[in-house]
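Colleague: Supplied in structure tokens, the structure appears directly below.
Values in this text are rule-based calculations from the coordinates and carry no lab data. Remember, it's a predicted structure, so these values are computed and weren't measured experimentally. Positions of Cβ are generated from backbone atoms using ideal geometry, with glycine treated the same way; all protein chains shown enter the neighbour counts.
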Amino acid sequence: MSILYMLLAALGLMVSFVFLVKGADYFVEGCVSIAKLLQIPNLIIGLTIVAMGTSAPEAAVSISGAVTDPSNAGITLGNLLGSNLLNILIILGISAVIVPMSVDSSLLKKDFPLLIGSAIIVPLLFWAFGYRGTRLAGVIILAFFAVFMVWTIMNALSSRKHSNSASIGEDDGVSDDAPMSKLKSIIYAVCGLAVVIGGGQLAVYCAKYIARGIGISESLIGLTVVALGTSLPELITSIVAAKKGNSDLALGNVIGSNLFNILFVLGLSLIISPISITMNNMFDALAVLAASILCYAFAATRKIGRVKGLIFLLCYGIYLTYIIIRDIA
């Protein structure tokens with residue numbers, strides 16, 4: 001493969017990340033406006049549409065990979081597991097280093113158990129089905145997602161009476177500005193989703209080309225470059241939230257994104273295209289579980305400070321070194 005084609009593929013990968021980030025931004029803005037026009041409470045918007053919107057890049061890359069070619073399994077699974085590791089170790093690590101984060105007790109009681117539970121489900125199902133990501137496993141994972149969504153909406157409705165709409169919109173990172181017109185809202189949502197899907201397909205194609213060109217595995221590309229690119233919305237959101245002192249938003253963004261990645265994106269990807277699970281995949285899934293437990297242990301002290309943030313970053317550095325050596329060996 002010529003150097004020119006490799007450079008074009010690298011440029012295409014960077015362009016795809018821009019598409020993914022901007023497309024997700026427009027998609028969220030359009031969906032939030034539609035929800036407001038339909039008078040859906042802001043809290044539910046933040047817990048569902050916004051959380052899904054920031055995970056739209058991961059969904060686009062993984063589902064596009066599963067639909068277009070089953071051989072993309074390395075990028076599909078690597079992207080999801082890599083994104084979840086990045087969300088905890090890099091995004092929370094950087095956010096905590098910038099501004100130490102206090103942890104609300106409700107996150108410890110409700111959200112963190114769900115985070116750890118979702119991290120347990122994946123390796124457990126892979127082991128139970130003989131190291132295969134089967135359609136049945138995908139259905140089971142999606143069933144957990146349905147339960148999670150029902151529980152989230154019911155919890156949001158029950159707590160709605162304790163908060164006014166202004167505080168809800170602020171806490172969830174959802175603006176209380178007037179919604180756009182119906183036509184503009186639909187255009188933003190549809191076009192934003194189209195850009196995200198297109199960016200996802202471009203990212204998968206370019207990542208595969210680069211991986212084959214330099215002789216590394218697609219799984220490593222998915223765990224690193226693609227995972228970082230698709231995690232940009234969460235990274236930007238959490239850093240901005242940390243700078244503004246909104247710790248709950250930074251933590252909630254990471255937890256919600258990880259839950260959506262595992263329970264919806266992985267479940268749907270397996271239904272579309274079952275995959276074989278390698279021991280490396282199992283190790284990466286267990287790494288996500290370990291990172292989730294570590295995050296809970298740090299959060300249980302009710303504060304994630306700069307030292308803990310640096311520990312997160314150090315853990316990711318060790319993991320990154322390992323997977324690079326593993327791929328070369």
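Colleague: Report, in listed order, any pair from Lys184/Lys243; Lys22/Lys208; Lys36/Lys109; Lys243/Lys308 with a Cα-Cα distance greater than 21 Å. Walk me through the intermediate numbers first.
Modeller: Details: Lys184/Lys243 31 Å; Lys22/Lys208 23 Å; Lys36/Lys109 29 Å; Lys243/Lys308 17 Å.
Where the Cα-Cα span goes over 21 Å, the pairs concerned are Lys184/Lys243; Lys22/Lys208; Lys36/Lys109.
Colleague: What order do you get for 82-88, 99-105 when each peptide is scored by the mean count of other beta carbon atoms within 10 Å, highest first?
Modeller: 82-88, 99-105
Colleague: Using θ = phi - 60° and the Karplus curve 6.51 cos²θ - 1.76 cosθ + 1.60, what whole-Hz ³J(HN,Hα) does each residue of the stretch 294-299 get, with Gly and Pro shown as x?
Modeller: Karplus-based 3J(HN,Hα) across the stretch 294-299 equals 4, 4, 5, 4, 5, 5 Hz.
Colleague: Now, a different point. Please give me, ordered by residue number, the trypsin sites (Lys or Arg not before Pro) of the stretch 254-329 that lie in loop per DSSP and have at most 13 other Cβ atoms within 10 Å.
Modeller: Taking the stretch 254-329 and a limit of 13 other Cβ atoms within 10 Å, the loop trypsin sites (Lys or Arg not before Pro) found are Arg302.
Colleague: Could you tally the net charge around Ala291, taking each other residue with its Cβ under 14 Å from the Cβ of Ala291, Lys/Arg +1 and Asp/Glu -1? Write down the numbers at each step before the final one.
Modeller: Working: positive: Lys308; negative: Asp284.
Net of charged neighbours comes to 0.
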